[in-house]
1. Check off (1) farther than 30 Å from residue 294 by Cβ; (2) without any contact (Cβ under 8 Å) to a residue 40 or more places away in the chain for residue 359 and give me the number that stays unchecked.
2. Do we have residue 429 as on the phi > 0 side of the Ramachandran plot and at pLDDT 85 or above here?
3. Just checking, does segment 17-34 include any residue being modelled with pLDDT under 85 and over 18 Å from the mean Cα position of the chain (by Cα)?
4. For segment 260-298, which positions are surrounded by fewer than 21 Cβ atoms within 10 Å (Cβ to Cβ), in contact (Cβ under 8 Å) with a residue 24 or more places away in the chain and within 20 Å of residue 419 (Cα to Cα)?
5. Against the definition (in contact with a helix residue (DSSP H, G or I) (Cβ under 9 Å, 6 or more places away or on another chain), modelled with pLDDT of 80 or more, in the same structural domain as residue 242 (by TED's automatic domain parsing) and over 29 Å from residue 74 (Cβ atoms)), how does residue 225 come out, yes or no?
6. So which residues in segment 349-359 are buried (at least 16 other Cβ atoms within 10 Å of the Cβ) and part of a helix (DSSP H, G or I)?
7. For segment 142-168, which positions are more than 20 Å from the chain's Cα centre (by Cα) and either at pLDDT 75 or above or not assigned by TED's automatic domain parsing to the domain that holds residue 29 (or both)?
8. Say we look at segment 200-209 and pick out the residues that are part of a helix (DSSP H, G or I) and within 12 Å of residue 69 (Cβ to Cβ); which of these is modelled with the lowest pLDDT?
């Protein structure tokens, strides 16, 4: 596929940049949604796992399906449909009055996000000049991270001054405005792929959603209901059956949702393993920090929003400063350095106390975010290099599936680990602030081990730069 004229690819990227901005800004607001919602309806904090998991399931599992659909029906149609669904999901979120309704609403939000992100990444892969693709990924990460910076702080202030519904209505308005602007700006349509919807892998799509949704539930069910409970065993068996079905269907599919040639590469497999061990820390630590502050400093809970905003600022700086270094030096060397920063941010959590200042909270999350911002950009370069133009949507969607699974994996493992430990310590006679401090220390130790394992995996990656 011939690339755009040097001036055209920047101009035509504007609606895609706005869509990335939407996901970032609305996502920043929603980081404080879960704890505020469960507190409002009077249920335990560990239920924040389910609200986050509902959105994460659809965001991850639908990404390769909707990315491939973008190759078939065109980027413009997929982008606008994704923004429309995202707007609907936020509207339903604002109306939610029960945990089940909220989970359905956040699942719909995730579907919209799953349609938007692969389209944005596919535009960078296919339309940016070859020598500017890495910079395009850095720009995407910058837009995504920078737009989130003020979300947690403003969201916390809105919740303190009004309520969480007001915050979500604002997200709905922003979503609708972005849809109208993109409807005007995004005029060009990529040609549809030669394979029409009649050759679309429908069975594979259904099994992808089923298996990866069940897989995300496994750690949450184990920690919340018990590893020998009927609920956990039932989910585990269902996940294994759906995995076997997915394997058989994808082997026979003419145009599989999950392309085997893309999945089998060493760069993909090792990068995904490292992502699961490290990038999943982000969402888990944001949720856990809010809960930690609510237990230790309930009179000053808004400070968690400030700290999370600093984390996103760190991610923006990491994407801009560390990401482009992978064009000059060996990517896995830069990844090792950024992972060390991620580990340092986790290590600072060992020093948290019942009176930790907002500056120290921000230092920990800011350092963590700086490393995560570099990681996210460089992993995209490592995994997506060389993807053919006609498979850009499917390739970016497949990568997006596993990248987006990393965050809910962290939520599913680390949020119940943290909240359940607090509950158990309080039941054993500890006061709530002290229990929260003990739980955050145990969490930090577990995360440091995960980062160390991630560094070992990164060192096993093949060299990307030509000798």
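1. (1)
2. yes
3. no
4. The answer is 294, 297.
5. Yes; evaluated as a whole, the condition is true for this residue.
6. The answer is 349, 358.
7. Within segment 142-168, 154, 157, 158, 159, 160, 161, 162, 163, 164, 165, 166, 167 qualify.
8. 202
The values are calculated or read from the model by the stated rules, or taken from the named source; none is laboratory data. Because the structure is a prediction, the values reported are computed rather than measured. So basically every Cβ, Gly included, is an ideal-geometry build from the backbone, and we count neighbours across all protein chains shown.
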